[in-house]
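The values are calculated or read from the model by the stated rules, or taken from the named source; none is laboratory data. Everything numeric here is computed off the predicted structure, so don't read it as measured data. Cβ coordinates were reconstructed from backbone atoms using ideal geometry, including for glycine residues, and neighbour counts include every protein chain displayed. These accessible areas exclude ligands, DNA and RNA; they are computed on the full protein's heavy atoms, side chains included. Shrake-Rupley method; radii C 1.70, N 1.55, O 1.52, S 1.80 Å.
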Amino acid sequence: MRPSNARDGGDRLKLHRHDLRADGRDYTVITLRPGTRVRFSTNFHHETWHILSDLHGALLLSRLLWGLSFQRRPGTVVLIDRRFICPNPFDAEQGSPIALVPADVTHLPARSGRLLIRGLPVPREARGTVRWQTWGLDAAVREWRDQRDGGTWWQRWRPHEDVRAAEVTNPGGLVTVRASSSLLRSWAVSVATMHDHAHVRATPREA
């Protein structure tokens, strides 16, 4: 990715597209472009798999989740491959690659996920570049913050997200986040606003 776009996490993000086949299934695999200045890691704590990053990584992840929720092409997967995975900050164990899966249109068995990671070609062999559309995310985030700050979040009825297909697992070294379109959008808003609750500890000045 060009230096001017290396930290771009806004709407119409540029991503790479790969057409791969694994276990008899065709997949459209979306990856970050080389030079994207973002890093993730993963760890397993309290019987739950966690994805770790900084503020920029969280905002990028929220856009990946939001855009993925509107995908209608069967076999679409977003892969955050090992180029963007670091050891976690707790015990320095190497994190796992991450797959984001829209449960409504994509079935990704554990074996297929491992084959996709191994079969992912070098970046220069990508089949094309896509503009990742996330229209509506910024408005959804603003609406959530307005309702939270005004104490009116409970006044607007919303249908419950479909949680029947939701799971976060790590079959064979690939952390797989799988959810319905409605739940992916809900997670996207939650991830985008996580830093609202962050507190920066000031360093005491020396006398």
**Request:** Provide the per-residue ³J(HN,Hα) series for the range 104-115, in order, calculated from phi with Karplus coefficients 6.51, -1.76, 1.60 and θ = phi - 60°, each as a whole number of Hz, with x at glycine and proline positions.
**Result:** 5, 10, 10, 10, 10, x, 4, 5, 5, x, 5, 5
**Request:** Find the accessible area per residue for the range 78-124; the probe is 1.4 Å, ligands and nucleic acids are left out, and the unit is Å².
**Result:** 49
**the range 16-93 - percent of accessible surface contributed by carbon and sulfur, probe 1.4 Å** = 52
**Prompt:** Under a 1.4 angstrom probe, counting protein chains only, how are Leu120, Leu137 ranked by accessible area, largest first?
**Reply:** Leu120, Leu137
**Message:** If I model a spin label at Ala166 and Asp149 as a point 7 Å from the Cα along the Cα→Cβ vector, what separation in nanometres do I get?
**Reply:** 2.6
**Request:** Tabulate in residue order the Karplus-calculated ³J(HN,Hα) for the range 37-54, using 6.51 cos²θ - 1.76 cosθ + 1.60 with θ = phi - 60°, rounded to whole Hz; enter x for Gly and Pro.
**Result:** 8, 8, 9, 10, 8, 9, 7, 10, 8, 6, 6, 9, 7, 10, 9, 10, 6, 9
**Asked** Counting only residues 5 or more places away or on other chains, whose amide H sits under 5 Å from the amide H of Trp132 once H atoms are built in the peptide plane?
**Response** Arg12, Leu13, Lys14, Leu15
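What do you get for trypsin sites (Lys or Arg not before Pro) in the range 62-110 restricted to DSSP loop and a cutoff of at most 16 other Cβ within 10 Å of the site's Cβ? Write down the numbers at each step before the final one.
Details: sites: Arg63, Arg72, Arg82, Arg83; in loops: Arg72.
In loop regions of the range 62-110 (DSSP not H, G, I, E or B), the sparsely surrounded trypsin sites (Lys or Arg not before Pro) are Arg72.
Assuming 0.36 nm per residue, please report the length gained on full extension of the stretch Arg127 to Arg142 beyond their Cα-Cα distance.
That pair, Arg127 and Arg142, stretches by 1.9 nm at full extension.
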**Cα centre as origin, Lys/Arg/Asp/Glu Cβ charges: the range 38-155 dipole, Debye** = 640
**Item:** For the range 69-119, diffusion coefficient by Stokes-Einstein and Kirkwood Rh (Cα), 4 °C, 1.567 mPa s, µm²/s
**Value:** 105
